[in-house]
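Student: Got a structure for you, questions after.
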Amino acid sequence: MTADLGPAGYLAARHFSLAPGDPVKLAGVSSATRQGTVFLARVIEKGGQSLVLRTAQGAPLAIAGGEGRAAQAKRQGSAR
Amino acid sequence: MSFAGSSRLNRAAGKFIVAGAAAFLLLIAGCGGNGGVIVNRPSGSGNFTTASFKGQYAFSMSGKELCNGVSSFFTRAGSITADGLGNITGGVEDVNVCSGVYEITFSGGSYQVRADGRGSLSLTNSTGTTSYSITLASPAQGFIIQTDASATTSGSLRLQDPAAFSLTKIAGSYVFDVSGISATLNPLSVIGRFTADGAGGVQNGLYDSNEAGTLSGQQAFPAGASYQLDATYGSSGRGLATLAGRNFVFYIVDASRIVLLGTDFPSALVGEASAQQNLSYSVSSLSGNYVFQLGGASATGAIVSAGRFTSDGAGNLSAIVLDENSSGTVTALPGASSTISGGYTVDANALGGGTLTWTDSAAGTFTYIFYLASPTRAVFQETDSNITSDGLIFAQNAASVTASSMAGNHAFGWTGVTTDEVDATGQFSLSSTASANASGLMDFNAFSGGVQYFDVAFSGGFTLGANPAARNTLSLATNSAGFPPSTFKFSAYLVDSNTVLLVGTDSTRVLLGTTLRQP
């Protein structure tokens, strides 16, 4: 089975590293896409580290950027 | 991806795929390089000067910013006044960022436009200064990207008509298309139409929303739809509106075009409303040759598409050609051994809404909805499962286009995704030869690598297909010191010899673009 974790940059930016052979746990759903049926992972766990990858509706959080907007986090000091 | 050869390896590109019990890492190089503005900026050919950018301009953009160190979607729209001498003398913008929605006035800024229409722009407000690259297609419109290390955005600039900054000028029917993210961080597209009464009232509002592939179906606007000019910033064409049950600030470009920015934080939407021709729309309203372009997100990442079709005015589609790039998987239809047939409907209410469907014998069925602004233009939304994507349909006039008629200078803008958002704008010159005919310069914000590149030289070819009304190709290879050698490949669909819709066909990036002929 192939599991899709979404854009890699999202994981990398959250310091969630993967290497060949790593044991992982995935929670998600299988879904039909134009590229065939894939397992859309919503949460990935590895070595006690957990990361939410998708919204409850299955959209990659990478699209929105994820937790920052949801949590109404404080901004960095950069200009708008 | 092709950003190789840099001195440092940054974020992984492409996608992580886990196969079976063992994790398999698909890692495709990284981004890197040196940013910074080059003082003596080179230029391609053209007749623009700093004086070409003069007047009030409305802009709208969307992109990504660093929010507590992580990439976060955001939108901005506003109005600036350029004095033609390189100074921004005022303006206002609204931004929907990760901490909320803010209205911010500009205290100043500066800009420069070079002969090829490319330029640099800085805008100063109470939070600091932001930097942009622009490319003018004409003194009336252009492309804009943000080129700060902490943010990248892309969008458009349009010269405003201050005579239209009144309620009475915003009268008649409009179609609209806004996209972005919902309050629950799903990709969201809303398209529709409404009639403005010239006094702040809205009638006959209809919309269709698509949130992460969940469709609303056609809905009437909830009660409360209205619009009003801003008492403080009315001279910038700014106002407030409630449309389709959502709140927006707007900036009037002219009586036929309004920029919209959603203010229902944490949802963030941006788009436009444009005048709808006053017709009783029927199936015969969509007749002739058309091109289209869509961009958005699927369940696996970014998705873009472009193509063309012929409509017989009786509900039947033919000569359908399509390129789709879904997270780097490129599908070109019809395939070598497939055929496509399709059809469409127009709503019985005669307000311009409709459905469109085609089926490829190998790739399956593609479904869409649209709202016609006129028989030559429509807002467009894909409605397939797990896909949220929207864009435009244009009537096509390309049958007689030749390499000679394409020759000239063209401004362009690209936006898309590698590891994260990338945006580019620039200009190229096309000679009248059939291939190896393109050369130009562009600015490029590789946000995922935190690197901005300026004046990247490239060359390549815009190659017309056997039928220029169908698929053509654009291939541009960079050849600039400091920019990782890259070749950007697109399928190109002609609106006409002046306007080309681009969809990237590289497996390592998902790009969507437009080129506009310069005078």
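Student: Hey, which of the strands (runs of 3 or more DSSP E) in region B:1-83, taking only ones fully inside, have at least 1 residues that are more than 26 Å from the chain's Cα centre (by Cα) and modelled with pLDDT of 50 or more?
Tutor: On the way: elements: B:15-19, B:22-24, B:54-67, B:70-83.
Filter on region B:1-83 gives B:70-83.
Student: If we only count strands (runs of 3 or more DSSP E) wholly inside region B:323-392, which ones have 1 or more residues that are within 14 Å of chain A (Cβ to nearest Cβ), among the small types (Gly, Ala, Ser) and in contact (Cβ under 8 Å) with a residue 24 or more places away in the chain?
Tutor: Those strands (runs of 3 or more DSSP E) span B:329-333.
Student: Looking at region A:1-24, I want the residues that are within 14 Å of B:Ser327 (Cβ to Cβ) and more than 7 Å from chain B (Cβ to nearest Cβ) and have a partner that is surrounded by 14 or more Cβ atoms within 10 Å (Cβ to Cβ) and charged (D, E, K, R) with Cβ atoms under 9 Å, at least 6 apart or on another chain. Which pairs are those?
Tutor: The qualifying pairs are A:Tyr10/B:Asp420.
Student: Taking the options B:Thr300, B:Thr310, name whichever one is within 14 Å of chain A (Cβ to nearest Cβ), closer than 23 Å to B:Tyr368 by Cα and among the β-branched types (Val, Ile, Thr). Show your work before the answer.
Tutor: Working: B:Thr310 fails: within 14 Å of chain A (Cβ to nearest Cβ).
Going through B:Thr300, B:Thr310 in turn, the sole match is B:Thr300.
Student: Here's something else I'd like to know. May I ask you to verify whether B:Ser60 is surrounded by 19 or more Cβ atoms within 10 Å (Cβ to Cβ), hydroxyl-bearing (Ser, Thr, Tyr) and away from every other protein chain (no Cβ under 12 Å)?
Tutor: Yes.
Student: Turning to a different aspect of this structure: Could we say that B:Tyr251 is among the aromatic types (Phe, Trp, Tyr), touching a helix residue (DSSP H, G or I) at 6+ places or on another chain (Cβ under 8 Å) and either outside any loop (DSSP other than H, G, I, E, B) or not assigned by TED's automatic domain parsing to the domain that holds B:Thr329 (or both) here?
Tutor: On the way: among the aromatic types (Phe, Trp, Tyr): yes; touching a helix residue (DSSP H, G or I) at 6+ places or on another chain (Cβ under 8 Å): yes; either outside any loop (DSSP other than H, G, I, E, B) or not assigned by TED's automatic domain parsing to the domain that holds B:Thr329 (or both): yes.
When the stated conditions are applied, B:Tyr251 passes them.
Student: Still on this model: Does any residue in region B:144-166 that is within 14 Å of chain A (Cβ to nearest Cβ) come within less than 8 Å, Cβ to Cβ, of a residue that is aromatic (Phe, Trp, Tyr) and surrounded by fewer than 24 Cβ atoms within 10 Å (Cβ to Cβ) six or more places away or on a different chain, and which pairs are these?
Tutor: Every condition considered, the pairs that remain are B:Thr147/B:Phe454.
Student: So which of B:Thr515, B:Thr425, B:Thr415 ends up being part of a strand (DSSP E or B), modelled with pLDDT of 95 or more and farther than 24 Å from B:Tyr290 by Cα?
Tutor: Of the residues listed, the single one that is part of a strand (DSSP E or B), modelled with pLDDT of 95 or more and farther than 24 Å from B:Tyr290 by Cα is B:Thr425.
Student: Determine whether B:Pro139 is at pLDDT 95 or above and either over 24 Å from the mean Cα position of the chain (by Cα) or acidic (Asp, Glu) (or both). Explain how you work it out, then say what you get.
Tutor: Working: at pLDDT 95 or above: yes; either over 24 Å from the mean Cα position of the chain (by Cα) or acidic (Asp, Glu) (or both): no.
Considered against the rule, which asks whether it is at pLDDT 95 or above and either over 24 Å from the mean Cα position of the chain (by Cα) or acidic (Asp, Glu) (or both), B:Pro139 comes out as no.
Student: Look through B:Gly192, B:Gly172, B:Gly119 and report the one residue that is away from chain A (no Cβ under 14 Å), crowded, with 24+ Cβ neighbours inside 10 Å, over 22 Å from B:Pro42 (Cα atoms) and in contact with a strand residue (DSSP E or B) (Cβ under 9 Å, 6 or more places away or on another chain).
Tutor: B:Gly192
Student: Please specify each residue of region B:203-235 satisfying the condition of being in contact (Cβ under 8 Å) with a residue 40 or more places away in the chain and within 14 Å of chain A (Cβ to nearest Cβ).
Tutor: Scanning region B:203-235 gives B:Asn210, B:Glu211, B:Ala212, B:Gly213, B:Leu215.
The values are calculated or read from the model by the stated rules, or taken from the named source; none is laboratory data. A quick note: this is a predicted structure, and the numbers were derived from the prediction, not measured. Neighbour counts are summed over all protein chains in view; Cβ atoms, including those assigned to glycine, are modelled from backbone coordinates with ideal geometry.
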